[in-house]
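Okay, so here's the structure we're looking at.
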Amino acid sequence: MKKIVNDFTIEVATVNGTGSQTSNLVLTKAIASMGIPVGPKNVFPSNIAGLPTWYFMRVNKDGYLGRRRRVDVAVLLNPTTFISDIPRIHTGGAVIYESEYPLTGAAKRSDLIFYPVPFGHLAAHHISDFKLKKQLTNMIYVGVLAELLQIDAEAIKGALSHQLRGKEKAVLVNVDAIEVGRKYVRENLPKQDPYCVEPMNKTAGKVLIEGNTACAMGALFGGCTVAAWYPITPASSLSETVEDLFEKYRKDPSGKKRYAVIQAEDEIAAIGMAVGAGWTGARAMTGTSGPGISLMSEFVGFSYFAEVPLVIFDVQRIGPSTGLPTRTSQGDLLAVAHLSHGDTKHIMLIPSSVEECYEFSMLAFDLAERFQAPVFVMSDLDLGMNLWMTDPFKHPEKPFDRGKVLDEEDLKRLGRFERYGDPDDDGIPYRTYPGNAHPSAAYFTRGSGHNESAVYTEDGVAYQRIADRLLKKFETARGFLPQPAVDYVPGAKVGLIAYGSTDQIIHESRDLLAAEGVKTNYLKIRSYPFALEPVKEFFKKCDKIFLIEQNRDAQMAQLVKLELGKDAHKLQPLLHYTGFPIPTEVVVETILAKKKETPEVFAHAMMEGGE
């Protein structure tokens, strides 16, 4: 039997509420500590306990860590999904399961290797503490997997100590449970499958971090001092981490807090507080998800029209309405791009990695003040709540950009101030902070009609001037936002466009397509509005372009078509919206199928030297 080393996917199927997350994190961190790239994904139900939960670990020596449909090693401990879990396992795969489950029906496969383990019996005889029996039973499967896959014992112990740091007694109890699993394998289950791990050096210096934590760090280093929020999955951990970081790093030497984190009574109150703080000159934020975005729309419109800086983190999940609260999506783009009634266009930053979560979060506070507008950071559940491997983040090197602010000396020199004027012809007005003592500094902030001097008016021409200037400001923003990232391959005529967490599967998809004779160019959109020239150039160089995204209505494709008009006729949406992160196979299989449907496009590309 030829070994398959450091290249497989593990699936753990359990019942929500049984404490399996700790076991899964121990396995993930242990593999990572052996120098092997690993990418975990936690798929869990929205209820507290009882429904199925799955945890996937992509182990890959080449660093491909996006989701694959293929499952090679499975730990099946949920009796209600046992039968339906087995058909997903790849031929030759290994199945570790509770030995009391019957191997009947779809579970009766001769092409799999089954490792029956009497988890209940082992727990009953080796774990005396009834309260801990469920959690420690999960540690037994850690031991079984560790023994079968040859995960280093010290790596497991180190990961356990890290996960349970400060709880030494708990570490010892869990180590004993893990050894129960290891011993059972050694004495009863001879190795029959090809999968194993071996130490590498691909993770030196890297860290595992969730996107929500990275965003919270970005808020800290971005100078945020006010966070108002209301709990919602999958965004809550972002604001909770902000509070933890501020508690640690936003106090003066006397211990006095230099920040405010407020859990409001609802989303409307939360954004209202953030808008108020932004108006006073504080860097303010709120964090939410789709349903919260819906509730916040009126205040977002006010912030846009009154030109108040504000950062909003949208960790997207499946909608509409309550939808699937614990499933990922890229379904808020269209709603956010034009959130609120009337003519509105909003700035969105779209991170595709935890590193960009950190960097774009810092940038968002600069942009909010530069453009005196709400700025959205568009993350999603997959990016926000799962661990991702990354290099350590860089300390910011640039000072904050506080935008166009006039102090008293400026006003004395200028002699005149119009809050909503456009003296620089870029659509961006000047503002003053409350407390500026100059007689010209004060103005009335309102969401109703106003002229350049911030005076109430229902004059239609004055309204049109303000509306046109806001549009000019939006166009100015294109030059300040992260540019699309483009990668051209010589001779390639097929283009891929993606954004956000979908980017994680693109590199592997392109390599697999190239192996099938399809070379591809790639453009990653990182913001909205995006710079037009790189996108137009991409459309010129490609004969057919697939825009890959995780929603039903091809929302980014619609935004691209609005921006490019008839030049976007080559665009073909490639969509995935089950709530599970998009697997690589969706991209590869769809494009290869299109190659058969439209041979003339690919033949044209081949004629010109591409594929």
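The values are calculated or read from the model by the stated rules, or taken from the named source; none is laboratory data. All figures in this text were calculated on a predicted structure; none of them were measured in a lab. Glycine gets a Cβ as well: all are built from the backbone with ideal geometry, and neighbour counts include every protein chain shown. What goes into the accessible areas is simple: the full protein's heavy atoms, side chains included, and nothing from ligands, DNA or RNA. Shrake-Rupley method; radii C 1.70, N 1.55, O 1.52, S 1.80 Å.
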Name the pairs whose Cβ atoms lie under 7 Å apart, with the first residue in the stretch 78-89 and closer than 12 Å to Arg109 by Cα, the second surrounded by fewer than 20 Cβ atoms within 10 Å (Cβ to Cβ), and 6 or more positions between them or separate chains? Ile83/Gly105; Ile83/Ala106; Ile83/Ala107; Ile86/Ala106; Ile86/Ala107; Ile86/Arg109; Pro87/Ala106; Ile89/Leu112
Log entry, pairs with first residue in the stretch 135-163 being modelled with pLDDT of 95 or more, second being among the basic types (Lys, Arg), beta carbons closer than 7 Å, six or more apart or on different chains, reads Gly143/Arg182; Ala146/Arg182; Glu147/Arg182; Glu147/Arg186; Leu148/Lys191; Ala159/Lys29
Matching option when the condition is open to solvent by less than 50 Å² (accessible area, probe 1.4 Å), at pLDDT 95 or above and among the hydroxyl-bearing types (Ser, Thr, Tyr), among Thr28, Thr18, Thr53, Thr81: Thr28
For residues in the stretch 473-484 being open to solvent by 40 Å² or more (accessible area, probe 1.4 Å) and either of a type outside the set (Phe, Trp, Tyr) or closer than 23 Å to His569 by Cα (or both), which is farthest from the chain's Cα centre (by Cα)? Glu475
Scanning the stretch 91-104 residue by residue, those in a strand (DSSP E or B) and either open to solvent by 70 Å² or more (accessible area, probe 1.4 Å) or touching a residue at least 24 places away in the same chain (Cβ under 8 Å) (or both) turn out to be Thr91, Gly92, Gly93, Ala94, Ile96
Against the condition at pLDDT below 95 and more than 24 Å from the chain's Cα centre (by Cα), how does Glu589 come out, does it pass? no
Of (1) in a strand (DSSP E or B); (2) out of contact with any Ser or Thr (no Cβ under 9 Å at 6 or more places or on another chain), Ala498 satisfies all except one. Which? (2)
Being assigned to a helix (DSSP H, G or I) and within 13 Å of Tyr304 (Cα to Cα) is the filter; apply it to the stretch 446-467 and report the residue that is most open to solvent (accessible area, probe 1.4 Å). Ala467
All but one of (1) at positive phi; (2) in contact with an Asp or Glu (Cβ under 8 Å, 6 or more places away or on another chain); (3) not aromatic (Phe, Trp, Tyr) hold for Ala94; state the number of the condition that does not hold. (1)
Residue ranges of helices (runs of 4 or more DSSP H) in the stretch 281-354 with at least 3 members closer than 24 Å to Arg431 by Cα and more than 14 Å from the chain's Cα centre (by Cα): 297-306
Six or more apart or on different chains, Cβ atoms under 7 Å: show the pairs whose first residue is in the stretch 105-127 and closer than 13 Å to Asn188 by Cβ and assigned to a helix (DSSP H, G or I) and whose second is among the aliphatic types (A, V, I, L, M) and open to solvent by 40 Å² or more (accessible area, probe 1.4 Å). none
Could you grab me the full set of residues in the stretch 9-63 that are charged (D, E, K, R), assigned to a loop (DSSP other than H, G, I, E, B) and under 26 Å from Ile318 (Cα atoms)? none
Is there any pair with a first residue in the stretch 274-296 that is without any contact (Cβ under 8 Å) to a residue 60 or more places away in the chain and a second that is in a helix (DSSP H, G or I) and open to solvent by less than 10 Å² (accessible area, probe 1.4 Å) whose Cβ atoms are under 6 Å apart and which are 6 or more apart or on different chains, and what are they? Val275/Ser303; Thr286/Ala270; Thr286/Ile271; Thr286/Ala274; Met296/Ile271
Taking Glu397 and the conditions (1) more than 25 Å from Trp279 (Cα to Cα); (2) at pLDDT 95 or above; (3) open to solvent by 30 Å² or more (accessible area, probe 1.4 Å); (4) not hydroxyl-bearing (Ser, Thr, Tyr), which numbered condition does it fall short on, given that it satisfies the others? (2)
Sole miss for Val242 among (1) free of Cβ contacts under 8 Å to residues at least 60 places away in the same chain; (2) among the hydrophobic types (A, V, I, L, M, F, W, C); (3) out of contact with any Gly (no Cβ under 9 Å at 6 or more places or on another chain) is condition (3)
Scanning for something of a type in the set (Gly, Ala, Ser), open to solvent by less than 10 Å² (accessible area, probe 1.4 Å), within 29 Å of His395 (Cβ to Cβ) and in contact with a strand residue (DSSP E or B) (Cβ under 7 Å, 6 or more places away or on another chain), does the stretch 336-350 turn up at least one residue? no
Go through the stretch 164-184 and give me each residue that's in contact (Cβ under 8 Å) with a residue 60 or more places away in the chain and under 17 Å from Gly120 (Cβ atoms). Gly181, Tyr184
